[in-house]
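Notes to accompany the following structure.
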């Protein structure tokens, strides 16, 4: 008790308010400034401390000869340096040079002023080990603040109205305070006199309680990153070095972000390369599934090939978005969860809260359907420039291939137009709708789902041979046979020439059928029903001056005019 009383008297004599020394009176020993690294006196617990100076408060406050241009009996000069402030395309506030209490904190933490250089003394206080300036440790912020949480900006109701993911300032918890100019400062999150919660935080940040006091992220409270009890298995890199927390839920925002000295400056990411912030956990060492291995496959969404191009607010209909693919293009880390899709084509929890392009070609901030996410890169703004097959009708815009008004299409957006498909394997019916990922998915059926990587071309889940003169087998057309019964196809239940075409003449499914669909602006129901769009590398014009044409003449019947596999079809009918 005498120790606490002595400290209180010293602070009072120094002219510092009891509020500034409140931890000395009321806090537990672990929270007291005496037991913290801010005690730079000879009695300090850290390695950075004075050799002889016994006064604790003197390094910031002075009872006499303190600065007169600032309150708090401040005992340090301001740095004269020009700082590089934090900037971000998603920042709604204007961030300039540090002001208020943040300037006071930086008089030590930027490392430009000697720790022992005090206004009240002409002699610099000597520190152990000859240390003069703030050493190169995690809490040295330097003069480049672009990798630190923004400070010294006005946080008012207008800002919160502009950025709907910010809490209204009047609704902030009592622990979190703005300065007299309504600015957010270092002291909004840190109390330099109380280290009860570690890092001198004003409140606990377990499960990101401090972060979420200001930041309201849509979907966060029910997301996997907010709820998961997964821990690091001790293999590979520790995803949370230096953290006091051990589960994904406890680390919360800091699974991916760090408020100071972030490697990825904009948006304060733990790692420079966007995907590294995901894969440090999603490599099987925290999350149960190894996603990192998928990006080592020959065919993949190559997230490792791009950096710094993804923007959270990018509009893929603008025509200005550079080609790229990152985890965040398909997954929203603040929203993602383990919920299954209610039914095709609706998004699952894994891709919930992600922007997209709808069937009208309009940009939407939150996709309701899986295909809308795919349309960002595979529709009007198509990153693919090479046709996979040379067809009669060429189309790279996948959105156009799935239009409900098309003569034929696989039912990705709406149910199909053909009501007679006897080969469908139950529970599929002609009323069914399927996902893009029913075809484009991991080739390892027991591995992580989704089009991250595959050993099959076009990121297909199963083999789909498109080369002419291929021997028919369950594996040659495994993708087709996933939904269409092979026995039905070979028995000619829907087309009387199926067996002869794919078995006898060894023509692949792709010779006649265009898997996505045919746009109504290019085809019609007479010539392009049943996904008919010939591969012109195998199918030539009918000999004798004819062209290449299929005519639909009714249910399970039609006729072809073309030349293929040394056979001339002159209005050849079927059945």
The condition of being at pLDDT 95 or above, in a helix (DSSP H, G or I) and surrounded by fewer than 17 Cβ atoms within 10 Å (Cβ to Cβ) holds, among 469, 487, only for 487
Checking 185, 123, 168, 87 in turn, the sole residue that is under 30 Å from residue 64 (Cβ atoms) and within 29 Å of the chain's Cα centre (by Cα) turns out to be 185
Filtering the stretch 490-513 down to residues that are surrounded by fewer than 16 Cβ atoms within 10 Å (Cβ to Cβ) and touching a helix residue (DSSP H, G or I) at 6+ places or on another chain (Cβ under 8 Å) yields 490, 491, 499, 503
Per the filter on the stretch 126-164, residues part of a loop (DSSP other than H, G, I, E, B) and touching a helix residue (DSSP H, G or I) at 6+ places or on another chain (Cβ under 8 Å) are 134, 139, 140, 141, 149, 151, 152, 155, 156
Those helices (runs of 4 or more DSSP H) completely within the stretch 165-266 that have 2 or more residues that are under 30 Å from residue 74 (Cβ atoms), in contact with a strand residue (DSSP E or B) (Cβ under 6 Å, 6 or more places away or on another chain) and free of Cβ contacts under 8 Å to residues at least 40 places away in the same chain are none
Taking the stretch 323-346 and the residues there that are within 18 Å of residue 289 (Cα to Cα), without any contact (Cβ under 8 Å) to a residue 60 or more places away in the chain and in a loop (DSSP other than H, G, I, E, B), the one that is nearest to the chain's Cα centre (by Cα) would be 331
Within the stretch 364-375, does at least one residue satisfy the condition of being closer than 21 Å to residue 464 by Cβ and at pLDDT below 95? no
Quick count over the stretch 267-303, residues being touching a helix residue (DSSP H, G or I) at 6+ places or on another chain (Cβ under 6 Å) and either at pLDDT below 95 or within 22 Å of residue 240 (Cα to Cα) (or both), is 8
Exercise. Any residue in the stretch 111-122 that is at pLDDT 95 or above, within 18 Å of residue 260 (Cβ to Cβ) and surrounded by 14 or more Cβ atoms within 10 Å (Cβ to Cβ)?
Worked result: yes
Filtering the stretch 517-540 down to residues that are assigned to a loop (DSSP other than H, G, I, E, B) and either surrounded by 15 or more Cβ atoms within 10 Å (Cβ to Cβ) or in contact with a helix residue (DSSP H, G or I) (Cβ under 8 Å, 6 or more places away or on another chain) (or both) yields 519, 520, 521, 522, 523, 527, 528, 533, 534, 536, 538
* Asked: Would the stretch 298-314 turn up any residue that is more than 30 Å from residue 361 (Cβ to Cβ), in contact (Cβ under 8 Å) with a residue 40 or more places away in the chain and not in a loop (DSSP other than H, G, I, E, B)?
  -> no
Point to revise | Residue in the stretch 443-461 that is closer than 20 Å to residue 289 by Cα and assigned to a helix (DSSP H, G or I) present | key: yes
Only one of 404, 431, 413 is part of a loop (DSSP other than H, G, I, E, B), in contact with a helix residue (DSSP H, G or I) (Cβ under 7 Å, 6 or more places away or on another chain) and under 25 Å from residue 552 (Cβ atoms), namely 413
Among 146, 152, the single one that is at negative phi, in contact with a strand residue (DSSP E or B) (Cβ under 8 Å, 6 or more places away or on another chain) and surrounded by 15 or more Cβ atoms within 10 Å (Cβ to Cβ) is 146
Being more than 26 Å from residue 183 (Cβ to Cβ) and surrounded by fewer than 20 Cβ atoms within 10 Å (Cβ to Cβ) narrows 90, 99, 54 down to just 54
When the stretch 360-378 is checked residue by residue, the ones that are touching a residue at least 24 places away in the same chain (Cβ under 8 Å), assigned to a loop (DSSP other than H, G, I, E, B) and either at positive phi or crowded, with 18+ Cβ neighbours inside 10 Å (or both) are 361
Filter the stretch 541-575 for residues that are within 20 Å of residue 422 (Cβ to Cβ) and not in a strand (DSSP E or B); the one that is modelled with the lowest pLDDT is 575
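The values are calculated or read from the model by the stated rules, or taken from the named source; none is laboratory data. Keep in mind that what you see is a predicted model, and the values were worked out from it rather than measured. As a convention, Cβ positions derive from the backbone with ideal geometry for all residues, glycine included, and neighbour counts pool all protein chains shown.
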